[in-house]
1. Please compute, for the alpha-carbon atoms of the stretch 68-113, the extent along each of the three principal axes and give them in descending order in Å.
2. Provide the per residue accessible area, probe 1.4 Å, for the chain, rounded to a whole number of square angstrom.
3. Mind computing the radius of gyration and Dmax over the alpha-carbon atoms of the stretch 12-74? Å is fine for both.
4. Distances over 23 Å make up what percent of all Cα-Cα pairs in the stretch 33-116?
5. Where the accessible area of the stretch 26-71 is counted over protein heavy atoms with a 1.4 Å probe, how much of it, in %, is carbon and sulfur?
6. Just the number, please: Stokes-Einstein D of the stretch 104-161 in µm²/s, Kirkwood Rh from C-alpha pairs, 20 °C, 1.002 mPa s.
7. Among DSSP bridges having both ends in the chain, what percentage is antiparallel? Round to the nearest 5.
8. Quick one, what does Rg over Rh come out to for the chain if you take C-alpha atoms and the Kirkwood Rh?
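The values are calculated or read from the model by the stated rules, or taken from the named source; none is laboratory data. From a predicted model like this one, the values you see are computed outputs, not experimental measurements. Areas reflect the complete protein model, heavy atoms only, side chains present, ligands, DNA and RNA absent. Shrake-Rupley method; radii C 1.70, N 1.55, O 1.52, S 1.80 Å.
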Amino acid sequence: MPVSINHGLSMPCWFDLSVDEQGAIAANQADLKATVGTLAERINRFSPQSPTLLLGFSQGGVVAQHLVDALDQPPAGLALLSSWMAFPDMLAKTQQKPGSVFIGHGLQDSLIPAHAADQLAQGCAQFGWPVDANHRYPMDHSICLDELADLRRWFSGLNLG
């Protein structure tokens, strides 16, 4: 889809991003709601009784957070990689809680600063979401082998019924 911060050029994304009055990157709320609605409908239809594990990288992490309350049952786990919290006022109203939250972020992330992961962890805690893993890695906006190993350990400890 066309992305405002990409000069309106199309690129793979979950929702449009623009720059707000303070110079911060802002997510398009209508696009995010549409994406969450579409994904929730598919997940609820295809795996209504199965434990769900939501993993999201960057924009996908924002989508995964907003999917928590849109699913028929809360996810067993929520992994948020190199992501941030968009629209915390919407998330504060969630009735469901993930079983466990994993947060991973690069210390040298040039797109989403590492302090966004701290804000994400604080927001999750405020909503009563159990942050069981909160890691920082010496990397840019990417995934590294250490993060994958930590994800594997976290995943193996989840209660998937």
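1. 36, 22, 11
2. Details: 8460 Å² over 161 residues.
Per-residue accessible area for the chain comes out at 53 Å².
3. 13.1, 44
4. Values: 656 of 3486 pairs.
Taking all Cα-Cα pairs of the stretch 33-116, the fraction more than 23 Å apart is 19 percent.
5. Details: 1100 of 2050 Å².
Of all accessible area on the stretch 26-71, carbon and sulfur atoms account for 54 percent.
6. On the way: Rh = 12.3 Å.
It comes out at roughly 174 µm²/s.
7. Details: 4 of 19 bridges.
Percentage antiparallel, nearest 5: 20.
8. Numbers: Rg = 15.3 Å, Rh = 16.1 Å.
Checking Rg against Rh, the ratio lands at 0.95.
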